[in-house]
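Read through the structure below, which is laid out as C-alpha cells, and then see the notes.
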Amino acid sequence: MNSAMVRWLTLGLVALALMACGERPIDVEALKKKPKGYVGSDTCKKCHLEHYDSWKMTLHSRMMQDAQKNQDVIVTELDPKVIRADLEKIKDKLKIPVDKFYIPKPEEVKYTIGSQWKQRYLVEKDGKLYIAPINYNIETHRWVNYNEDKWDKKPWILGCGGCHATGVNIEKNNFIEPGVGCEACHGKGSWHAALPKAEVFEKRQTIVNPAKLTMGVAVQICGSCHNRGQATKYKGAEWPVGYEPGKALEAYYKSTSFAEGDVRHVYANEFSKGHHQQYIDWSQSVHAKEGVTCTSCHFVHQIGVPPTRSQTVQAGSRQCMSCHEMVNKNLAHSIHSFGNCVGCHMPRIAQSAESGDIHSHVFVCLLPKDTMANPNIPNSCQTCHKHKKEDLKHLQDDWDALVKLPPPVGKPIDLKIPR
Ligand code: HEC
Ligand code: HEC
Ligand code: HEC
Ligand code: HEC
Ligand code: HEC
Ligand code: HEC
Ligand code: HEC
Ligand code: HEC
C-alpha cells in the first residue's frame, strides 16, 4: 500500500467512525422498502463483538476456509506420493486407477471444507467450484477417495453449498461468506444492521432471535443443515434452497429415510448411519416431543471457549444428569458400575470420517436382540463389548438375567375402600 492509499483509508475510517457515533435519525419506512439482504458476519461484529468472538471459537465459523488467503488452513501436506500410497491400499474399492487420480496442488485449493473429522478441498473449473476427489481423515491420518470418477460432474454449490456457506445463490453461482455465518441462523441482516443502535425495538423486529421463536420453528434452523435429503424447490440441490430462519423447513426440504430406499445413510430402524443427520434422529426421540432441543444441550455461541467438544453445555453424561437427576437403578441401569448414559443412549453408530466416530441422537439404547432380529441394525452394547461380537445371544442372555427384577414378595393388600 502506498502512502496516498493509507491517507485515503484513514480518512475513510474517520468518516465511518463519525457516522457511527453520530447516530443520525433514519427513515425506517424507506429502509424497509429495499429488499432485505445479507451483509456478512463482519458487519454484525461492529455491534456484537462478544457474540462474534465466541462464534469464531466454534466450528461453524471454520467450516469453509479460504486457502488462497492462508494456506495453513490445509491441515496436512498435499503430497502426491503419500496420497497415492494410501489410495493404493484401498485400490480394490476405487473406480479409477490410482495414477489417474487428480491431486490438486496447494495453490489450486480455493477453500478447505472441514477441520475436525475430515477435510476436503474445493478447486475451480470453468468458473465453478468442485470437490477434489481426495479426502483426508484427520484422526486416522489416512487419505481416501471421494467420487473419483465423477468429482467434476456435480458442482459444490448444488451438492453442498447452503450447508457450508452463507447467503448462497445458485443462479448467480456465488455466496456472501464461506462457513456458517451469523445470518445462517439469524436470517438476512441488512435492515437490522442499518438501523441505528437506539432503535432497539425496530432492531429486534428486523432480525431472527431463535430464542423468541416457537420451539418447533427454532429447532428447524439447526435442522436446515444437520439433516440429509433433497431440496423441494430446486431440482438436484441437496440443501434447502429458499429456506430462511423462522420459516417451516418442511416446505423446502425432504429428509431422507430407510423406508424410501436410502440404505446408505440410514439403518433399517431409521437411526442414522451417515453424518449431519442429527435432526433426523432427534425428530424421532422423546426429547423432540418434550421440547428438549439442540440448544437445550448445545451452545451455539457462548462467551469464552465452550467447555467441551461438540459445545455441549456440560461434559459427557453430566449433560444428561443435569435434567435426569433421578434415574431408576433397576433393570437396564443395574448392570454397570458407572453412569455412562451417552455410551448406551447415544452410541457411536454413525460415521463422519471413519465408521462409528459420531453419536446417535435418538437417545434410545439399542439392545443385542435388536441386532439379532435384523443384522442391519447395530446395538449400543457392542460399541464397548467388542470381544463378544461373535456371541450376541450370550450378551443378550446375560442382559436378560441381570435386568430381571426380583419377583414381588408378600401378599396382596386387602383394599377396604369405604363406600
Ligand atoms: C449498528 C449496530 C448493530 C449491528 C451492525 C447489528 N446489530 Fe444486532 N442488535 C443491535 C442492537 C442495538 C440490538 C438490540 C439489543 C436489545 O435488545 O437491547 C440488537 C439485537 C440483536 C439480536 C436480538 C434480537 C432480539 O429480538 O432479541 C440479534 C439476534 C442480533 N442483534 C443479531 C445481529 C446480527 C446477526 C447482525 C449482523 C447481520 C447484527 N445483529 C448487526 C445492534 C446491531
Ligand atoms: C448456528 C446458529 C447460530 C449462529 C451461526 C449464530 N447464532 Fe446467534 N443465536 C443463535 C441461537 C440459537 C440463539 C438463541 C440462544 C438461546 O436460545 O439462548 C442466538 C442468540 C443470539 C443473540 C441474542 C441473544 C443474546 O445472547 O443476547 C445475538 C445478539 C446473537 N445471537 C448474535 C449472533 C452473531 C453476531 C452471530 C455471528 C457472529 C451469531 N449470533 C451466530 C444461533 C446462532
Ligand atoms: C444438508 C446439509 C449438508 C449438506 C448438503 C452437506 N453437508 Fe457437509 N456437513 C453438514 C453438517 C451439519 C456437518 C457437521 C455435522 C456432522 O458431520 O454430523 C457437515 C460436515 C462435513 C464435513 C466434516 C467437517 C469436519 O470438520 O470434519 C465435511 C468434510 C463435509 N461436511 C463435506 C461435505 C461435502 C463435500 C458436501 C457436498 C458433497 C456436503 N458436506 C454436503 C451439512 C451438510
Ligand atoms: C439431550 C442432549 C442433546 C440434544 C437434544 C442434542 N444433542 Fe447433539 N450431542 C449431545 C452429546 C452428549 C453429544 C456428544 C458430545 C461428546 O462428544 O462428548 C452430541 C454431539 C453432537 C454433534 C457432534 C457429532 C457427534 O454426533 O458426535 C453434533 C453435530 C450435534 N450433537 C448436533 C446436534 C443437533 C443439530 C441437535 C438437534 C437436532 C442435537 N445435537 C441435539 C447431546 C445432545
Ligand atoms: C448453515 C448450516 C448450519 C446451521 C444452520 C447449523 N449448523 Fe451446526 N454445523 C454445521 C456444519 C457445516 C458444521 C461442521 C463444522 C466443521 O466441522 O467445521 C456444524 C457443526 C456443529 C456442531 C459442532 C460439532 C462438533 O463436532 O464439534 C454443533 C454442536 C452444531 N453444529 C450445532 C448446531 C445447532 C445447535 C444449530 C442450530 C442452532 C446449528 N448447528 C445450525 C452447519 C450448520
Ligand atoms: C434439558 C433437559 C434434558 C436433558 C439435558 C436430557 N434430557 Fe432426557 N428427557 C428430558 C425430558 C423432559 C424427557 C421426557 C420426560 C421424561 O421421560 O422424563 C426426557 C426423556 C428421556 C428419555 C426417554 C424416557 C422415556 O420415557 O422413554 C431418555 C431415554 C432420555 N431422556 C435420555 C437422556 C440422555 C441419555 C441424555 C443425555 C445425552 C438426556 N436425556 C438429556 C429432559 C432432558
Ligand atoms: C447399559 C446401558 C445403559 C446405561 C449406561 C444407561 N441406560 Fe438408560 N436405559 C437403558 C435401557 C435399555 C432403557 C430401556 C428401559 C429398560 O429396558 O430398562 C433405559 C431407560 C432409560 C430411561 C427411561 C426409563 C427410566 O428408567 O426412567 C431414562 C430416562 C434413561 N434410561 C436415562 C439414563 C441416564 C440419565 C443414564 C445415565 C445416568 C442412563 N440412562 C444410563 C440403557 C442404559
Ligand atoms: C460405555 C461402554 C459400555 C456399554 C455401552 C455397555 N457396557 Fe456392559 N460393561 C462395560 C464395562 C466396562 C463392564 C465391566 C463392569 C463395570 O464396570 O460395570 C461391563 C459389564 C457388563 C456386564 C457384566 C458381566 C460382564 O460381562 O462383565 C454385562 C452383562 C454387560 N456389561 C452387558 C451390557 C449390555 C447388554 C449392554 C448394552 C445394553 C452394555 N453392557 C453396554 C462397558 C459397557
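Quick notes on this structure:
- Candidate set from the range 363-384 (those that are of a type in the set (S, T, N, Q) and within 15 Å of ligand 4 (Cβ to nearest atom)); member that is modelled with the highest pLDDT: Ser380
- Members of the range 331-381 that are more than 13 Å from ligand 6 (Cβ to nearest atom), β-branched (Val, Ile, Thr) and assigned to a loop (DSSP other than H, G, I, E, B): Ile335, Ile349, Ile377
- The range 179-195 residues that are under 17 Å from Lys46 (Cα atoms), paired with ones that are surrounded by fewer than 21 Cβ atoms within 10 Å (Cβ to Cβ) and among the basic types (Lys, Arg) (beta carbon under 7 Å, 6 or more apart): Lys188/Lys36; Ser190/Lys36; Trp191/Lys32; Trp191/Lys36; His192/Lys203; Leu195/Lys203
- Residue satisfying all of: in the range 316-334; over 26 Å from Ala401 (Cβ atoms) and of a type in the set (Gly, Ala, Ser); surrounded by the fewest Cβ atoms within 10 Å (Cβ to Cβ) among these: Ser322
- Within the range 37-56, restricting attention to residues that are surrounded by 17 or more Cβ atoms within 10 Å (Cβ to Cβ) and assigned to a helix (DSSP H, G or I), the residue that is farthest from ligand 7 (Cβ to nearest atom) is Thr43.
- The listed residue being of a type outside the set (Ser, Thr, Tyr), out of contact with any Leu (no Cβ under 9 Å at 6 or more places or on another chain) and within 16 Å of ligand 2 (Cβ to nearest atom), out of Lys273, Lys247: Lys247
- Taking the range 146-264 as the region of interest, the helices (runs of 4 or more DSSP H) fully inside it that hold 2 or more residues being at pLDDT 95 or above are 156-159, 161-164, 182-186, 190-194, 215-223.
- If only residues of the range 305-357 that are within 16 Å of ligand 2 (Cβ to nearest atom) and touching a residue at least 40 places away in the same chain (Cβ under 8 Å) are counted, the one that is nearest to the chain's Cα centre (by Cα) is Gln311.
- Residues located in the range 58-72, provided they are crowded, with 17+ Cβ neighbours inside 10 Å and aliphatic (A, V, I, L, M): Met63, Met64, Ala67
- When the range 142-167 is filtered for residues that are within 22 Å of the chain's Cα centre (by Cα) and under 18 Å from Asp357 (Cα atoms), only Val144 remains.
- Scanning the range 66-114 for residues that are more than 22 Å from Thr140 (Cβ to Cβ) and of a type in the set (S, T, N, Q) returns Gln68, Asn70, Gln71.
- Selection count where residues are crowded, with 16+ Cβ neighbours inside 10 Å and part of a helix (DSSP H, G or I), scope the range 267-315: 12
- Of the criteria (1) at pLDDT below 90; (2) away from ligand 3 (no atom under 16 Å from the Cβ), which one Ser355 fails: (2)
- Qualifying residue in the range 363-380 (condition: in contact (Cβ under 8 Å) with a residue 60 or more places away in the chain, among the hydrophobic types (A, V, I, L, M, F, W, C) and within 9 Å of ligand 8 (Cβ to nearest atom)): yes
- Where Asp72 falls short, out of the listed (1) more than 16 Å from ligand 5 (Cβ to nearest atom); (2) free of Cβ contacts under 8 Å to residues at least 40 places away in the same chain: (1)
- Beta carbons closer than 6 Å, at least 6 apart along the sequence or on distinct chains, pair a first residue in the range 24-53 that is under 16 Å from Gly179 (Cα atoms) and touching a residue at least 12 places away in the same chain (Cβ under 8 Å) with a second that is polar (S, T, N, Q) and surrounded by 12 or more Cβ atoms within 10 Å (Cβ to Cβ) for Val39/Ser190.
- Qualifying positions in the range 141-151 - free of Cβ contacts under 8 Å to residues at least 40 places away in the same chain and either surrounded by 15 or more Cβ atoms within 10 Å (Cβ to Cβ) or of a type in the set (Phe, Trp, Tyr) (or both): Tyr146, Asn147
- Test result for Leu405, more than 16 Å from ligand 5 (Cβ to nearest atom), buried (at least 16 other Cβ atoms within 10 Å of the Cβ), in contact (Cβ under 8 Å) with a residue 60 or more places away in the chain and in a loop (DSSP other than H, G, I, E, B): no
- With respect to the stated conditions, Ile74 fails to be at pLDDT 95 or above and out of contact with any helix residue (DSSP H, G or I) (no Cβ under 8 Å at 6 or more places or on another chain).
- Some residue of the range 8-24 being at pLDDT 95 or above and of a type in the set (S, T, N, Q): no
The values are calculated or read from the model by the stated rules, or taken from the named source; none is laboratory data. Everything numeric here is computed off the predicted structure, so don't read it as measured data. With ideal geometry, Cβ positions are generated from the backbone for all residues, glycine too; neighbour counts draw on all protein chains shown.
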